[in-house]
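Just so it is clear, none of the values below were taken in a lab; they were calculated from the coordinates. Keep in mind that this is a model prediction, so the values were computed, not measured. With ideal geometry, Cβ positions are generated from the backbone for all residues, glycine too; neighbour counts draw on all protein chains shown.
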Amino acid sequence: MKVRWLLLVLCLCGGCRMTREERTSKPTAEVVQAKYQEASRGPDALELAATCIEKKDLAGAVAHFKRHLREHPDQVMIRAYLAELLLKMKKFPDAQEQYELFIADAQEGDAPLVQHLLHCHTRLMEIAQERDDDYAEHLHRGIGMVLLVRRFDSLEAGEQTEPGFRERLLCKAAGELNRARDLRTDEPRPHWYLVEVLNKLGQARSAEKSLKQAKSLAALVPLPRAEQRSLCLKTSSNELSQRSERP
């Protein structure tokens with residue numbers, strides 16, 4: 001089963017029209033000054049980036065996108081588009097950095113951002129292949145499978161895929177994450193995603209072991225913000241459950 005996810009491109013269009021009140025009322029000094037400052041700024045970074053792309057000046061577009069993100073760090077999808085441009089230019093380390101920054105922000109974002117995570121992990125897997133980074137290749141392939149299982153789990157009963165496909169995908173995810181874990185024994189991320197996979201496979205003891213490893217390693221190599229919070233919540237929940245089960 002081959003799944004392709006298209007990049008979501010954020011299209012911004014502008015232009016402002018005066019309201020009836022603005023046309024009929026006398027502007028204040030503050031309004032005049034604000035309008036003057038707005039007009040004097042000229043085209044914004046996104047407009048300039050679009051112009052560069054039309055001229056096939058990708059390096060210029062990258063510079064304008066970076067400036068826009070410095071001014072508007074909350075516009076997370078622009079970072080995803082920046083990462084795509086850098087990947088097209090074969091600037092693999094820079095593209096990897098932007099994808100990883102996007103993932104850290106998107107994990108805390110709304111549904112459209114979360115839906116784009118699978119695409120970004122696929123891209124990071126491709127970059128890892130280009131850079132001969134076996135650890136990152138196995139890690140992002142495994143995480144991508146976990147995200148795909150989450151999507152299957154969110155579907156209605158009538159929309160489920162063929163019987164057994166979910167379980168096979170979980171087993172493959174476990175294999176990829178175990179390989180990543182063995183390649184980088186100091187990294188908490190493979191352990192953290194293994195917790196979810198092993199629990200879904202009904203292997204509670206193995207999941208508990210991975211949780212302890214993730215907690216220990218994350219004290220030295222923190223996870224992305226959302227994953228770190230989830231790890232803390234999961235650890236606290238397990239500790240409370242264990243206390244309540246004691247006689």
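Phi angles across region 54-67 convert, under the Karplus curve 6.51 cos²θ - 1.76 cosθ + 1.60 with θ = phi - 60°, into 3J(HN,Hα) values of 4, 8, 6, 9, 5, 4, x, 4, 4, 4, 5, 5, 5, 5 Hz, Gly and Pro given as x.
In this structure, the residue pairs whose Cα-Cα separation is over 24 Å, taken from LYS66/LYS90; LYS66/LYS88; LYS66/LYS215; LYS55/LYS88, are LYS66/LYS215. Dividing the convex hull volume of the alpha carbon atoms of region 163-202 by its residue count gives 48 Å³ per residue. Between GLN107 and ALA59, the contour length at 0.36 nm per residue exceeds the alpha carbon distance by 14.5 nm.
Applying 1/(1 + (r/R0)^6) with r as the Cβ-Cβ distance of GLU97 and SER216 and R0 = 22 angstrom yields a FRET efficiency of 0.25. Using the Cβ-Cβ distance between GLU208 and ASP134 with R0 set to 22 Å, the FRET efficiency works out to roughly 0.20.
If R0 is 41 Å, the Cβ-Cβ spacing of LYS172 and LYS66 corresponds to a FRET efficiency of close to 0.65. Hydrodynamic analysis of region 43-110 uses the Kirkwood radius over alpha carbon pairs. Inserted into Stokes-Einstein at 25 °C and 0.890 mPa s, it gives a translational diffusion coefficient of 205 µm²/s.
If the chain linking GLU126 and GLU162 were pulled fully straight, counting 0.36 nm for each residue of separation and taking away their Cα-Cα distance, it would gain 10.2 nm.
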